[in-house]
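First comes the structure, then the notes that go with it.
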Amino acid sequence: MVKVKSSLQSFILIFILALLVASCGFGSSTNSSKVSYPHAVTAEMKMEFEKAENLFRQKQYAQAALAYEAYVSRYPYNRLTDESNFRLGQIYLVQKRPEQAAQVLEALIQKTPDPSLASRVQVKAGLARFRLKDQALALSHLEKARAEHLSTSDRAKLAALAWKLTEQAPLEKRTYYLALFLDNFNEVDHRSIPPDLRDTSALKSKLRQWSQQVTRLVLIDPRFETYPASESAPYIHWKLAQAYEQEAKKDKANWHLKRLLSRYPNFEFNAEAKALLAKSGKSTKASESEENIIKVGVILPLSGKYQKFGLGTLQGMECAASVKVPCEGVKNVKLIVRDDGGNAGLATQLVEDLVKKEKVSLILGPLSSASAVAAAKKAQELGIPMLSLAQKEGIPSLGPKIFRYSLTPDQQVKALLKLATEKRSLKYLAVLYPDNQYGQVFAQKFKEYAANYKAEVVASQPYKNARDLQNELRELKLSNPSSSEERPYGFEALFIPDSFSAVAAIVTQLEWAGFQGLKLLGTNAWNDSRLAGLEVDLLNSAVFVDLYFKDSRRPGVKTFRNQFNSAFGKNPGTLEAMGFDVVRFVGESFQSTPPGTDLSQAFLQNTDYNGVTALRGFVSRREARLRPYFLGFSDGNIIELAK
């Protein structure tokens with residue numbers, strides 16, 4: 001049995017608390033669209049489960065446990081039964097009842113049909129077994145957790161724990177956890193990491209050492225073949241390429257070498273990689289033959305009331321596919337374009353025609369919600385992957401082949417809360433929102449997620465007319481009794497989810513009403529230069545998020561903007577940039593996977609994409625994984641803010 005030092009014990013206590021706190025909002029991360037349960041969830045079941053969830057969010061764990069236990073015993077087995085048992089395991093861990101936690105969680109692992117849930121449960125079961133001092137079984141659970149089913153922060157915490165648990169093992173047995181930890185290091189609270197794991201340069205040196213050692217394939221962790229690597233990726237490709245070459249598996253060796261050379265041109269061992277590839281008689285230049293071209297069906301509204309949006313998106317796609325000079329994008333994507341005019345019925349027919357007649361491998365689009373839903377159902381029926389740019393929530397739930405790239409309210413709120421609490425040290429928050437569906441959705445999510453970031457929404461005020469807020473601002477001032485000299489209004493930051501034109505009217509009224517020194521938070525609807533031109537002091541410390549910023553310092557943005565401008569005679573906007581990135585993402589994903597790989601899996605494995613927008617890849621539930629732009633105002637301009 002591995003000897004565990006006392007420093008690890010203190011680390012685990014912090015680790016467990018951090019992991020449990022990070023697990024709130026469990027239901028949103030499940031991949032239930034692939035999973036079949038014997039009984040459907042009814043409205044009554046949802047209501048009863050939500051009652052238990054509210055108690056859990058309020059940290060009333062004893063009452064929450066009773067509510068979850070009642071749900072499990074009262075209703076036939078369904079998706080929320082699994083979620084209830086998962087919550088019970090979490091609660092038992094918080095209550096320092098590891099034996100009960102292990103019992104519930106291990107039973108859930110055996111029963112659940114959801115592989116994504118099973119991986120997350122394995123992590124919690126590992127924690128329970130560690131608390132019971134059964135380190136072998138704890139490690140066994142951690143080894144069965146699939147990284148692609150975990151959040152980035154949970155990956156880092158899992159890796160740190162497993163790395164410590166295997167500290168007596170040889171490097172070859174531990175490197176998977178080393179790579180997992182390095183790739184997700186920035187997603188974990190560094191205060192919860194032991195000092196010996198904080199030196200990433202030393203850890204990377206170990207990874208470098210590992211990659212140079214030519215090893216038999218049987219000794220390399222098989223999880224590396226499907227692991228969604230990022231920073232560690234070139235070392236993993238180099239390691240596997242050498243191993244396959246040693247065992248005369250030339251095709252697989254060459255695939256890893258070509259991916260290494262094409263995606264990581266500055267990797268330190270590329271000279272050796274080129275020599276190894278040349279030795280096997282393969283050119284280092286990617287073939288541009290027809291077999292290396294992917295045909296992609298594009299469905300956009302190129303006529304009708306959404307024409308402007310469809311044409312802009314298409315121009316971005318054409319730039320990415322190197323259709324227009326001087327755009328330099330990918331060269332392995334052929335676009336087959338169709339116009340749905342925003343018509344859902346036509347979109348359905350176009351999917352069928354593109355798949356059966358044009359033999360496309362993927363559908364991009366549509367944009368409108370109705371068309372996207374109709375097209376997704378047909379694409380799933382035909383077994384063809386589809387990547388939609390529609391804003392409608394829930395499109396990926398229509399089937400395991402359906403992906404979506406859009407900046408959702410969920411993603412915006414979480415990004416703002418993370419920045420406000422972790423980088424700006426803001427704890428007391430308020431929300432002023434329009435009394436319509438847009439405002440209500442954002443306000444509800446802001447209040448729901450604040451506790452996950454150790455923040456508190458102390459005031460919430462809806463309004464009907466953004467240009468007349470006299471009564472609403474008075475209520476906002478008087479609604480919070482916890483004001484103090486440091487916080488004269490009781491809150492430090494104010495979230496306003498509304499359009500730039502409404503916010504322009506609101507900030508002026510805020511100053512007239514005497515609100516000074518507040519930090520303002522906003523959505524991507526603020527991204528308009530006309531708001532930047534207002535001379536209002538409150539805007540100087542404001543921050544909002546978006547998918548794209550044309551003046552960004554990120555690599556590639558300036559080149560894209562200049563090439564697009566030369567090709568189309570205008571600067572690209574957000575839709576143009578999104579169109580550009582999805583085609584580039586498709587081309588890179590296709591190039592980076594072995595022939596015959598399912599394109600859906602290729603998308604999930606491309607976790608280190610760096611484009612001009614916020615897109616970084618896709619999570620297991622097929623929603624986009626984003627690194628949004630944080631934007632603010634200065635001297636009449638919109639500027640990019642440091643995180």
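The values are calculated or read from the model by the stated rules, or taken from the named source; none is laboratory data. Because the structure is a prediction, the values reported are computed rather than measured. Methodologically, a virtual Cβ is constructed for each residue, glycine included, from the backbone with ideal geometry; neighbour enumeration extends over all protein chains shown. What goes into the accessible areas is simple: the full protein's heavy atoms, side chains included, and nothing from ligands, DNA or RNA. Shrake-Rupley method; radii C 1.70, N 1.55, O 1.52, S 1.80 Å.
Let me spell it out: the conditions are (1) in contact with a helix residue (DSSP H, G or I) (Cβ under 9 Å, 6 or more places away or on another chain); (2) at positive phi, and residue 372 meets all of them except one. Which number is the exception? Among (1) in contact with a helix residue (DSSP H, G or I) (Cβ under 9 Å, 6 or more places away or on another chain); (2) at positive phi, residue 372 violates only (2).
Conditions (1) open to solvent by 60 Å² or more (accessible area, probe 1.4 Å); (2) farther than 17 Å from residue 447 by Cβ; (3) of a type outside the set (A, V, I, L, M), marked per residue:
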position: 399; (1), (2), (3): no, yes, yes
position: 413; (1), (2), (3): no, no, no
position: 424; (1), (2), (3): yes, yes, yes
position: 427; (1), (2), (3): yes, no, yes
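Considering the range 497-518, the residues that are farther than 17 Å from residue 438 by Cβ and open to solvent by less than 10 Å² (accessible area, probe 1.4 Å) include one that is nearest to the chain's Cα centre (by Cα), namely 518.
Annotation: of all residues in the range 385-397 being surrounded by fewer than 22 Cβ atoms within 10 Å (Cβ to Cβ) and more than 20 Å from residue 301 (Cα to Cα), the one that is modelled with the highest pLDDT is 397. In the range 529-583, the residue that is surrounded by the fewest Cβ atoms within 10 Å (Cβ to Cβ) out of those that are in contact with a strand residue (DSSP E or B) (Cβ under 9 Å, 6 or more places away or on another chain) and among the acidic types (Asp, Glu) is 551. Can you tell me which of (1) buried (at least 21 other Cβ atoms within 10 Å of the Cβ); (2) within 24 Å of the chain's Cα centre (by Cα); (3) of a type in the set (Ser, Thr, Tyr) is the one residue 433 doesn't meet? Against the list (1) buried (at least 21 other Cβ atoms within 10 Å of the Cβ); (2) within 24 Å of the chain's Cα centre (by Cα); (3) of a type in the set (Ser, Thr, Tyr), residue 433 comes up short only on (2). Residues in the range 602-638 that are more than 17 Å from residue 585 (Cβ to Cβ) and free of Cβ contacts under 8 Å to residues at least 24 places away in the same chain: 635 alone. For the range 606-631, a tally of residues being under 24 Å from residue 115 (Cα atoms), touching an Asp or Glu at 6+ places or on another chain (Cβ under 9 Å) and aliphatic (A, V, I, L, M) returns 1. Taking the stated definitions as given, is residue 443 open to solvent by less than 30 Å² (accessible area, probe 1.4 Å) and either touching a helix residue (DSSP H, G or I) at 6+ places or on another chain (Cβ under 7 Å) or over 30 Å from residue 374 (Cα atoms) (or both)? No, not satisfied. Filtered by the rule that a residue be out of contact with any Pro (no Cβ under 7 Å at 6 or more places or on another chain), open to solvent by 10 Å² or more (accessible area, probe 1.4 Å) and among the basic types (Lys, Arg), the range 118-131 gives 120, 129. Note on the range 322-337: among residues that are open to solvent by less than 40 Å² (accessible area, probe 1.4 Å) and not in a strand (DSSP E or B), the one that is farthest from residue 380 (Cα to Cα) is 327.
Determine, yes or no, whether residue 340 is surrounded by fewer than 16 Cβ atoms within 10 Å (Cβ to Cβ) and free of Cβ contacts under 8 Å to residues at least 60 places away in the same chain. The answer is no for residue 340. Of the helices (runs of 4 or more DSSP H) entirely within the range 132-247, those holding at least 1 residues that are open to solvent by 10 Å² or more (accessible area, probe 1.4 Å) and modelled with pLDDT of 85 or more occupy 135-144, 171-183, 200-212, 233-246. Just one of the listed residues (96, 34, 51, 111) is at pLDDT 90 or above and within 28 Å of residue 409 (Cα to Cα), namely 51. Cβ contacts < 9 Å: first residue closer than 30 Å to residue 58 by Cα and in contact (Cβ under 8 Å) with a residue 40 or more places away in the chain, restricted to the range 455-475; second residue assigned to a strand (DSSP E or B) and of a type outside the set (Phe, Trp, Tyr), any location; separation 6+ or different chain. Result? From the range 455-475, the pairs are 472/432; 472/461; 472/462; 473/432; 473/461.
Just to be sure I understand, how many residues within the range 300-342 are farther than 19 Å from residue 589 by Cβ and touching a Ser or Thr at 6+ places or on another chain (Cβ under 7 Å)? Number satisfying all stated conditions: 8. Here residue 319 fulfils each of the conditions (1) part of a helix (DSSP H, G or I); (2) under 24 Å from the mean Cα position of the chain (by Cα) apart from (2).
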